[in-house]
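S.K.: Before anything else, here's the structure in question.
The values are calculated or read from the model by the stated rules, or taken from the named source; none is laboratory data. Since we're looking at a predicted model, the values are computed, not measured. Here the Cβ is made from the backbone with ideal geometry for all residues, glycine too, and neighbour counts use every protein chain on show. Areas reflect the complete protein model, heavy atoms only, side chains present, ligands, DNA and RNA absent. Shrake-Rupley method; radii C 1.70, N 1.55, O 1.52, S 1.80 Å.
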Amino acid sequence: MKVSSLMNSAGQVFPHQPGYRGCSSSHAAGKALVCRAVAAMLVWGAVASGAGIVLAKGPAGEGALVGKTMALAELPKEGRQTYALIAQGGPFPFDKDGTVFGNRERLLPRQKNGYYLEYTVKTPGMRSRGAKRIVCGGQARQPDACYYTADHYASFRQIVN
């Protein structure tokens, strides 16, 4: 992919970041160029490292997940514990566990509101919920698919058995 193309599309990759306003032409010319260049470097770094997720616009919905999966055994121990709790229907350690995940980031395949539920994956040494989650779609105890995020919804990997 050409760097100019990457720079022009980079604004579509990071709209979920807190405080993100986009790299639009309404910025002063210099600020817009710097914004696009920084976003392009972040995308290029992720592509070059081979780490992370591939996102694509397509029939599954805006920003549909079409990339990497991870085996259940690859989850951190706390993630496997959360996954087991999901299968048995709880009890869950946090009040927000089992609540609707709105997919506002549009990184997961588009579904009706209420389809996705989120669950906290404990982070050792943290008192708060931290950034790790498992998001499942479908029925609560027998979901159609579950996804793991270690970076508070910035990227997802589908969990496979």
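S.K.: Can you list the aspartates and glutamates whose alpha carbon sits under 15 Å from that of residue 112, skipping same-chain ones fewer than 8 residues off?
M.R.: 62, 144
S.K.: When only the heavy atoms of the protein chains count and the probe is 1.4 Å, how do 126, 70 rank by accessible area, highest first? If you can, show how the numbers build up before the last one.
M.R.: Values: 126 100, 70 10 Å².
So, going from the largest accessible area down, we get 126, 70.
S.K.: Further, regarding this structure: Using only C-alpha atoms and all pairs of different ones, pull out the Kirkwood radius for the stretch 63-161 in Å with one decimal.
M.R.: Values: mean 1/r = 0.0748 Å⁻¹.
Radius from the Kirkwood sum: 13.4 Å.
S.K.: Shifting gears a bit: Using r as the Cβ-Cβ distance of residue 88 and residue 160, and R0 as 22 Å, what FRET efficiency do you calculate, to the nearest 0.05? All intermediate terms of the calculation are to be shown ahead of the outcome.
M.R.: Values: r = 20 Å, r/R0 = 0.89.
Here the calculated transfer efficiency is 0.65.
S.K.: Okay, next question. State, to one decimal in nm, how far the label point of residue 127 lies from the label point of residue 96, with both points 7 Å from Cα in the Cβ direction.
M.R.: The answer from the label model is 1.7 nm.
S.K.: Here's something else I'd like to know. Could you rank 135, 160, 100 by how accessible they are, 1.4 Å probe, largest area first? Before the final figure, lay out the partial values.
M.R.: On the way: 135 0, 160 55, 100 75 Å².
Result of the area sort, largest leading: 100, 160, 135.
S.K.: For residue 144 and residue 78, compute 0.36 nm times the residue count separating them, minus their Cα-Cα distance, and round to one decimal in nm.
M.R.: Numbers: separation 66, 0.36 × 66 = 23.76 nm, distance 2.13 nm.
Fully extending the segment from residue 144 to residue 78 adds 21.6 nm.
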